[in-house]
Amino acid sequence: MAPPSSLVFTVRRCKPELVAPAKPTPHEFKQLSDVDDQEGLRFQIPVISFYKYDPSMQGRDPVKVIREALAQTLVFYYPFAGRLREGPGRKLVVECTGEGMMLHLNNLVTHFSPLFHAGRSCFLMFLALGVTRLKCGGFILALRLNHTMSDAASLVQFMMAVGEMARGAHTPSILPVWQRHLLNARDPPRMTCEHREYDEIADTKGTIIPLDDMAHRSFFFGPTEISALRRFVPRHLSQCSTFELLTACLWRCRTIAIQPDLDEEVRIICIVNARPKFDPPLPTGYYGNAFAFPMAVTTTGKLCENPLGYALELVKKAKNDVTEEYMRSLADLMVIRGRPHFTVVRSYVVSDLTRAGFREVDFGWGMPAYGGPAKAGVGAIPGVGSFYIPFKNGLGEDGIVIPICLPAPAMERFVKELDGLLKDQLVTNENSKFIISSLRVFGQPGTRYNCILNIKKETDNVYCVLGSNYKKTETCTLHLQCHLSHLITPITRGNGNNGAITRFTGLHSAKVTRLRCGGFIFALRLNHTMSDAIGIAQFMGAVGEMARGKCAPSIPHVWQRELLNARNPPRVTCTHHLFDEVPDTNDYPLHNMVPCSFFFGSTQGPVLLSYRHVTHVGFEEVDFGWGKAVYGGPAKLWNGPNPKLTGQYTLCGNGSGKNGIVSILLPNVAHEIFLKELEGMLKGHAIGGPSSTPIKSSM
């Protein structure tokens, strides 16, 4: 994602003025609802709309048109022309004074600066509006709403009414309805639902995001981006909404970016419109706050180590918690607990405005090029919230733009994590604790599964390595979570004595190590009962093909293990000295064994032609999209139930690009004799030649 470009304009400010209702209105006091006046809504929401020049409006001044339309609309919405008062018990009341709302007028000179500034006195007003005339003939409308008065849907209802008046109507098509008592607490109040969003959490680690050095970025999610993210969705959640998908993804990316401790609780708050939840429904025209802040809570480790489906299910459950009873219980909580603020400690708040209607407000110049929140991170506690805003990009694609507000270093990490998801690449930020990828693996022929690789820090031995570079880095354990039933179903074996079952689970265990250079090391453990080297190379090759975009492996897998079952009746017809029962009269202890690797290239190969037998398995051919491995093959020598018996031939390039490496394990005494013998053969000397140093490759 390219860094945002900076646009700077200069405007000439005119003296602000009050716009009062065009006709006298009642002087009265109106209480806000118990949902309206909670602490978390006592702030102003900035909204901005950009309107292009319309030739049909030639000669008409947008300032004059909007001023007159406002005055007419305030006759119907006269509480907006009043002032806010706080009564006993912190109860907010509107005094309908008819004084009017503030209108700021601006003219474009050369460049653009903030349209207007609203100080503390503006909090007592419910609306402040600014209009900036543009040289092209278009204009910018900016508005600040005191959130205790209305939510987004209600604000759009008011703005649509102003637009209708501007276009010549005498009455709004939807008449305003006050009736704030519909969302007041019951008598007596009683909390009947769990409201974790209002838990009192002590910020012992200073986790509230600081306001200094904040970076603001907007991210566009069109059909391509949404499709890329849906690759991570498990099958049983495939019907999730775009809002749920984006929320789950952004919550994880943001959590990774701010780097909380793995055991620290993190929270997602989804603003949910509760209007459809009521029976009977709230009356049409109700312009109060009618939403809830349902919350999901988990730990950093669980959120980022589990597949995306984990976060997705938490988001879906939080949304579904909101019912009419939930809203009644919420209003009661406000009265019982003194109108608290929702918790902001490690919280991320998201609000879906894709259907709010800001893009449909028309003052006579047509629909705005953009209409919605002016920035992210607004609220009583700035920096914790984002809006989902409908938008059409430069290619004409309809999508969603999401402004994000984070400290500058965290923003860089956020962008890298998000890019890794959208581009299906490993994240190479060495400070990140997690990697997310989406290798597609195969099950039955023609079936495509999503496999999310979740990496967590863990120490363990590496058994099979595919690398692209070797630098100091952190090692992570990778867990395959996919529908590979024929690969991960536990193998069971009965005990002849007591019938007990021994389970050998995890036929495959894998690791990924990110390298600072941008490469990575892939390591794999295989239960040898499942496959030999050629079989595992075939499997890894299939994973590589899926990672590069194929829908099915080029070589379909074939089970048919009965082909190598015993005949009936079984009969031994050949000599098999490998399985002779030979007593070990001269056993060497394992701690006295010396592993050593020797490189045989084009120079040494002809000398040892009669001794050398290298099998081409194909580990080095596996390509996950980063090209072929620098080295692919066994990670170490001493594997198996009798590790002292093994030796392995592996293809590997040296500095000159030549191939051939042999690994051998010998007792310490025999190791020295072996080196002399081998060097003698390479140099054409007899056994017992001069002492030599090991011919070891550097890996």
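The values are calculated or read from the model by the stated rules, or taken from the named source; none is laboratory data. The structure presented is a predicted model; accordingly, all values stated were derived computationally and were not measured. We place every Cβ from the backbone using ideal geometry, glycine too, and count neighbours over all the protein chains shown.
Name the one entry in Val75, Val65, Val47, Val93 that is surrounded by 15 or more Cβ atoms within 10 Å (Cβ to Cβ) and more than 21 Å from Leu129 (Cβ to Cβ). Reasoning before the result, please.
Numbers: Val75 fails: more than 21 Å from Leu129 (Cβ to Cβ); Val65 fails: more than 21 Å from Leu129 (Cβ to Cβ); Val47 fails: more than 21 Å from Leu129 (Cβ to Cβ).
Exactly one of Val75, Val65, Val47, Val93 is surrounded by 15 or more Cβ atoms within 10 Å (Cβ to Cβ) and more than 21 Å from Leu129 (Cβ to Cβ), namely Val93.
Taking segment 68-86 only, how many residues are touching a residue at least 60 places away in the same chain (Cβ under 8 Å), out of contact with any Pro (no Cβ under 6 Å at 6 or more places or on another chain) and not aliphatic (A, V, I, L, M)? Write out each step before concluding.
Initial filter on segment 68-86 (touching a residue at least 60 places away in the same chain (Cβ under 8 Å)): 68-70, 72-73, 76-77, 79-81, 84.
From what's left, out of contact with any Pro (no Cβ under 6 Å at 6 or more places or on another chain): 68-70, 72-73, 79-80, 84.
In the following step, the residues that additionally are not aliphatic (A, V, I, L, M) were identified as 68, 72-73, 79-80.
Here the count works out to 5.
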When Gly59 is run through (1) within 45 Å of the chain's Cα centre (by Cα); (2) over 23 Å from Met159 (Cβ atoms); (3) of a type outside the set (A, V, I, L, M), the failure sits at (1)
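Condition check ((1) part of a helix (DSSP H, G or I); (2) surrounded by fewer than 17 Cβ atoms within 10 Å (Cβ to Cβ); (3) assigned by TED's automatic domain parsing to the domain that holds Arg328; (4) more than 39 Å from the chain's Cα centre (by Cα)) across all residues:
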{"residue": "Thr148", "(1), (2), (3), (4)": "no, no, no, no"}
{"residue": "Leu155", "(1), (2), (3), (4)": "yes, no, no, no"}
{"residue": "Phe158", "(1), (2), (3), (4)": "yes, no, no, no"}
{"residue": "Leu175", "(1), (2), (3), (4)": "no, yes, no, yes"}
Scanning segment 228-258 residue by residue, those among the polar types (S, T, N, Q) and either crowded, with 21+ Cβ neighbours inside 10 Å or not assigned by TED's automatic domain parsing to the domain that holds Val350 (or both) turn out to be Thr247, Thr255
- Just a yes or no: is a residue in segment 60-79 among the hydroxyl-bearing types (Ser, Thr, Tyr), modelled with pLDDT of 90 or more and assigned to a helix (DSSP H, G or I)? yes
Those residues of segment 255-283 that are outside any loop (DSSP other than H, G, I, E, B), closer than 28 Å to Thr323 by Cβ and not β-branched (Val, Ile, Thr) come to a total of 7
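How many residues, within segment 284-313, are over 23 Å from Tyr198 (Cβ atoms), assigned to a helix (DSSP H, G or I) and touching a helix residue (DSSP H, G or I) at 6+ places or on another chain (Cβ under 8 Å)? Quick ask: steps written out before the conclusion?
So the first thing to find is which residues in segment 284-313 are over 23 Å from Tyr198 (Cβ atoms), and the list is 284-287, 301, 304-310, 312.
Now restrict to residues that are assigned to a helix (DSSP H, G or I): 301, 304-305, 308-310, 312.
Narrowing the set further to residues that are touching a helix residue (DSSP H, G or I) at 6+ places or on another chain (Cβ under 8 Å) leaves 304, 308-310, 312.
Qualifying residue count for the region: 5.
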Subset of segment 116-135, residues modelled with pLDDT under 85 and not polar (S, T, N, Q), comes to Phe116, His117, Ala118, Gly119, Arg120, Cys122, Phe123, Leu124, Met125, Phe126, Leu127, Lys135
(request) Determine if segment 184-199 includes at least one residue that is under 23 Å from the mean Cα position of the chain (by Cα), buried (at least 16 other Cβ atoms within 10 Å of the Cβ), farther than 20 Å from Ala318 by Cα and not assigned by TED's automatic domain parsing to the domain that holds Met295. (result) no
task = Within segment 289-312, identify whether any single residue is over 30 Å from Val177 (Cβ atoms), aromatic (Phe, Trp, Tyr) and without any contact (Cβ under 8 Å) to a residue 60 or more places away in the chain, and answer yes or no.
result = yes
